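Structure record follows, encoded as structure tokens.
The values are calculated or read from the model by the stated rules, or taken from the named source; none is laboratory data. In this text the structure is predicted, and so the values were computed from the model without any measurement. When we count neighbours, we look across all protein chains shown, and the Cβ atoms used for this are built from the backbone with ideal geometry, even at glycine.
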């Protein structure tokens, strides 16, 4: 049972890590479009939109790298949980207010109510996975053999 959980934790870390890494890189390439997506939610003043559009892509790239390597996993999983909670809350508020927005998750898309619901569902799945990953802690470190002390030593024991 532990082995199964370890593999599942590794898969969750890799999926979340790749997702955050990709999302951050896409946003980093076109911060203007991302700022427009944030502004469409009508939750932040212009200075807040500018700050978030400038800082979130770098944070997502760092978070993706932490999740992929397993370094500081509890902190990375907690950050992913908080980030997914914020994304889900923003999308939920947009839906409740009748706004048709592009989530801005993976670059520009066609804003529609259906896409907003899909993005909300995806964020809830990410939230559940990140919460579970935080709970299981360090199980399933993807790069454990590469980063372990013994792996760097080429001489046989």
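Yes/no matrix, rows are residues, columns are (1) more than 17 Å from residue 119 (Cα to Cα); (2) modelled with pLDDT of 95 or more; (3) surrounded by 15 or more Cβ atoms within 10 Å (Cβ to Cβ); (4) over 15 Å from the mean Cα position of the chain (by Cα):
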position: 1; (1), (2), (3), (4): yes, no, no, yes
position: 10; (1), (2), (3), (4): yes, no, yes, yes
position: 14; (1), (2), (3), (4): yes, no, yes, no
position: 51; (1), (2), (3), (4): yes, yes, no, yes
position: 61; (1), (2), (3), (4): yes, yes, yes, no
position: 68; (1), (2), (3), (4): yes, no, yes, no
position: 75; (1), (2), (3), (4): yes, no, no, no
| Applying the selection to the stretch 16-29, what residues are surrounded by fewer than 19 Cβ atoms within 10 Å (Cβ to Cβ) and in contact with a strand residue (DSSP E or B) (Cβ under 7 Å, 6 or more places away or on another chain)? | 26
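Please work out if residue 120 is touching a residue at least 40 places away in the same chain (Cβ under 8 Å), under 18 Å from the mean Cα position of the chain (by Cα) and under 24 Å from residue 131 (Cα atoms).
Numbers: touching a residue at least 40 places away in the same chain (Cβ under 8 Å): no; under 18 Å from the mean Cα position of the chain (by Cα): yes; under 24 Å from residue 131 (Cα atoms): yes.
No, not satisfied.
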| field | Wholly enclosed helices (runs of 4 or more DSSP H) of the stretch 20-114 bearing at least 3 residues within 24 Å of residue 134 (Cβ to Cβ) | value | 46-69, 73-96
| request: Output the number of the condition that residue 108 fails; it satisfies all remaining conditions of (1) within 17 Å of residue 52 (Cβ to Cβ); (2) modelled with pLDDT of 80 or more; (3) touching a helix residue (DSSP H, G or I) at 6+ places or on another chain (Cβ under 6 Å). | output: (2)
| Filter result for residue 56 (surrounded by 15 or more Cβ atoms within 10 Å (Cβ to Cβ) and free of Cβ contacts under 8 Å to residues at least 12 places away in the same chain) | no
